[in-house]
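Comments concern the structure below.
The values are calculated or read from the model by the stated rules, or taken from the named source; none is laboratory data. All figures in this text were calculated on a predicted structure; none of them were measured in a lab. All Cβ positions, glycine included, derive from the backbone under ideal geometry; neighbour counts span all protein chains shown.
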């Protein structure tokens, strides 16, 4: 949530290392502002790379979550160095190996938001937009959602979020929750080969999700974290190696249940989320999209978004 | 008491809990700190509900804070629903001939007490007479509630020396059920007068459940805070007591009755402390007739002050835990065990737990 108008916060030329050590760095993700502190130089350099297009600032009045990334405690620190993630004295995870501070931080911010962001319906979905109209890409893990999300950003879509589709039930709009896109295993090289513009951080091997590397959000997406988008299209993507492009329309009731049951807090919000998700299912065309080629899938999505606009104008 | 003696909680959290109109004096930076403290103390839902009731106050809250209030209101609504579901299921499971009293959170919810809106109960606390305990337990077991611990020592500990059975849970249910047969641990120096409790309870209209007499509700909350917790992070228990006092203590007679009942339950000293901190921190009314001028011994007061200020109140976690806080938390744990168990029993218990931990370590 944006706290001060952007004009009050000129982008600072800041060394994340020094700032992280002292009072911390405030990162504006759109749906929340996180203040993070850390004494770890390697972590700071990785934050500097992956958040290069973000407005990082110091000494803001307000953060939604205050977190820390620290070295592990005690003697173990010298034998098998670890790191730990903390929010207000709570450490939700077991310590990670010291080299995996960045993925730990990324998961930590997801954890904070999933636990405490219950003013929103948190869909498990990537969200991308063109001209304020959003595609919700909802899918179960392993379906290639993050890969397609990353590819769409690299072809000019504005990225709002990869992990969370943040639906605001009070407006029906999607809030950005812009974070580096976590690419897993083979999709790391796929995206590296997909575009020379892809800025990808170091590969972290052997995490609980296998090998993970992060794609930095582009400048246009990072500049727009204060702007919401309207849901226009719902896609359930499915990558099929060598498969042909296939588009299967989903009736609203099916779109509803697939969105709802893939949400982090649907049950918790009860009637609030029922109405918000039902509105999306009733107003947006929905399709299951099987694809074998990223570019083919993106062309198809371009057309669907144009069609959806045509239908909305006609209606 | 100097405001700084209460640490950061004294700046805005306590004033806010004492009078929600304090919102009008808070800046965005004040909220930054207060949200963290309130969430740590699990009081954000209560604060959010109190603000939401008054549009003028809600309008004074900075936009960046609104989402946090909404989030905790939504979360508390979910918990409330969980408690209602649990109570309905328990109602079907418990034999009709047993009188069942609701305690604490579940009782406040069933009585629809305004002060408790936004509370986030973790469990459902039920009280039955000791003579009905076995019957109630087997009825719950037949309906699918199982004790979370099957360890023989733990089972024996709860049955012989505690005031409740080990926590029970039914599969697919979100909340634990604690089945009590009295309100204070049976080995502790505070002994609730079970007969008095039983005489005072009232049936809830349109429900199979009862609640304790208002004064006994206060005393149970007091005993729970000071005897049945390590006091660390238990500010919300004090907020419950404040709410009950403001609701139920309307006349000198009410206060006199509270005093008399506290004496019968051997909890007068604890009640004094509860009223003292409620009064100091939350501005709870505390008239002279309530025994205000009869404080416990200075040494006890000094120790209690250490515990309450450093362990009970939430603090910001930046920069690690100060030594005094770690000390106070340690003392709180020690006191908890000391109060519940006579020294010989305590030594035996600690020995058993220590050995169990050792053998766990060597096998893992």
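The set of residues in region A:213-271 that are within 24 Å of residue A:32 (Cβ to Cβ), over 21 Å from the mean Cα position of the chain (by Cα) and in a loop (DSSP other than H, G, I, E, B) contains only A:270.
Just checking, does region A:207-222 include any residue being free of Cβ contacts under 8 Å to residues at least 24 places away in the same chain and either in contact with a strand residue (DSSP E or B) (Cβ under 9 Å, 6 or more places away or on another chain) or assigned by TED's automatic domain parsing to the domain that holds residue A:292 (or both)? Checking region A:207-222: at least one residue is free of Cβ contacts under 8 Å to residues at least 24 places away in the same chain and either in contact with a strand residue (DSSP E or B) (Cβ under 9 Å, 6 or more places away or on another chain) or assigned by TED's automatic domain parsing to the domain that holds residue A:292 (or both). Counting only helices (runs of 4 or more DSSP H) that fall entirely inside region B:57-157 and contain at least 1 residues that are over 25 Å from the mean Cα position of the chain (by Cα), at pLDDT 95 or above and within 14 Å of another protein chain (Cβ to nearest Cβ), the qualifying elements are B:63-93.
Can residue B:40 be described as within 11 Å of chain A (Cβ to nearest Cβ), touching a strand residue (DSSP E or B) at 6+ places or on another chain (Cβ under 9 Å) and either in contact (Cβ under 8 Å) with a residue 40 or more places away in the chain or surrounded by fewer than 21 Cβ atoms within 10 Å (Cβ to Cβ) (or both)? For residue B:40, the condition - within 11 Å of chain A (Cβ to nearest Cβ), touching a strand residue (DSSP E or B) at 6+ places or on another chain (Cβ under 9 Å) and either in contact (Cβ under 8 Å) with a residue 40 or more places away in the chain or surrounded by fewer than 21 Cβ atoms within 10 Å (Cβ to Cβ) (or both) - is met. Answer yes or no: is there a residue in region A:74-83 that is within 14 Å of another protein chain (Cβ to nearest Cβ), out of contact with any helix residue (DSSP H, G or I) (no Cβ under 6 Å at 6 or more places or on another chain) and within 24 Å of residue B:321 (Cβ to Cβ). Yes, because at least one residue in region A:74-83 is within 14 Å of another protein chain (Cβ to nearest Cβ), out of contact with any helix residue (DSSP H, G or I) (no Cβ under 6 Å at 6 or more places or on another chain) and within 24 Å of residue B:321 (Cβ to Cβ). Residues in region A:133-156 that are out of contact with any helix residue (DSSP H, G or I) (no Cβ under 8 Å at 6 or more places or on another chain) and surrounded by 22 or more Cβ atoms within 10 Å (Cβ to Cβ): 3 in all. The numbered conditions (1) more than 27 Å from residue B:349 (Cα to Cα); (2) in contact with a strand residue (DSSP E or B) (Cβ under 6 Å, 6 or more places away or on another chain) are all true for residue B:126 except (1). Residues of region A:84-95 being within 25 Å of residue A:161 (Cα to Cα) and more than 14 Å from chain B (Cβ to nearest Cβ), which ones? Scanning region A:84-95 gives a single hit, A:93. In region B:182-287, counting only helices (runs of 4 or more DSSP H) that sit wholly within it, the ones holding 2 or more residues that are over 30 Å from residue B:95 (Cβ atoms) span B:214-227, B:235-248, B:252-264, B:268-282. Of everything in region A:38-69 that is surrounded by fewer than 19 Cβ atoms within 10 Å (Cβ to Cβ) and more than 30 Å from residue A:197 (Cβ to Cβ), the residue that is farthest from the other protein chains (Cβ to nearest Cβ) is A:39.
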